[in-house]
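See below for the structure under consideration.
The values are calculated or read from the model by the stated rules, or taken from the named source; none is laboratory data. A quick note: this is a predicted structure, and the numbers were derived from the prediction, not measured. A quick note on method: Cβ atoms are made from the backbone with ideal geometry, for glycine too, and the neighbour counts reach across all protein chains shown. To get the accessible areas, we keep the full protein, side chains included, count just its heavy atoms, and leave off ligands, DNA and RNA. Shrake-Rupley method; radii C 1.70, N 1.55, O 1.52, S 1.80 Å.
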Amino acid sequence: MVKANSLEKGLQDGWTRATFVLRKDYLSKLKAVSYWDRKKMKEVVDEALGAYLKGKKIKPISNGRM
């Protein structure tokens, strides 16, 4: 499958790149978890977001965003 744009170049299907602004203390903690658990940052963030979103009822956005 050909990737749609440079945001997805080199990524597995179903993944994309995004830029976020977050608190410095959260980033520091995420980096520490990544180091001590011997995981990549994307794995730690994926697990954290997965845990946050688990079981939530989320109404899709239909205005073309996301």
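In what sequence, largest accessible area first, do Lys56, Lys9 appear using a 1.4 Å probe?
From most accessible down to least: Lys9, Lys56.
When the chain is fully extended, how far beyond the present Cα-Cα distance does Leu22 get from Asn5, taking 0.36 nm per residue of separation?
Extending this stretch completely gives an extra 3.6 nm.
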What number comes out for accessible area per residue over the chain if the probe is 1.4 Å? Units Å², please.
102 Å²
For the chain, please report how many Lys pairs fall under 20 Å Cα to Cα, leaving out neighbours fewer than 8 apart on the same chain.
13
Working from Cα positions, state the angle (0 to 90°, nearest 10) between the long axis of helix 24-36 and the longest principal axis of the chain.
80 degrees
With every protein chain left in place, what is the accessible area of Ser28 in Å² (1.4 Å probe, nearest 10)?
70 Å²
Can you send over the carbon and sulfur percentage of the accessible area for the stretch 12-66, probe radius 1.4 Å, protein chains only?
58 percent
Using the Cα atoms as the points, what is the convex hull volume per residue of the stretch 1-62 in Å³?
148 Å³
Solvent-accessible area of Tyr52, probe 1.4 Å, all protein chains present, reported in Å² to the nearest ten, please.
150 Å²
Please compute the modelled spin-label separation between Asn63 and Trp15, points set 7 Å along Cα→Cβ, answer in nm with one decimal.
3.1 nm
Extension reserve of the Lys56-Glu43 stretch, reckoned as 0.36 nm per residue once the Cα distance is removed
2.6 nm
Any chance you could give the angle, 0 to 90 degrees and rounded to 10, that helix 41-53 forms with the longest Cα principal axis of the chain?
70 degrees
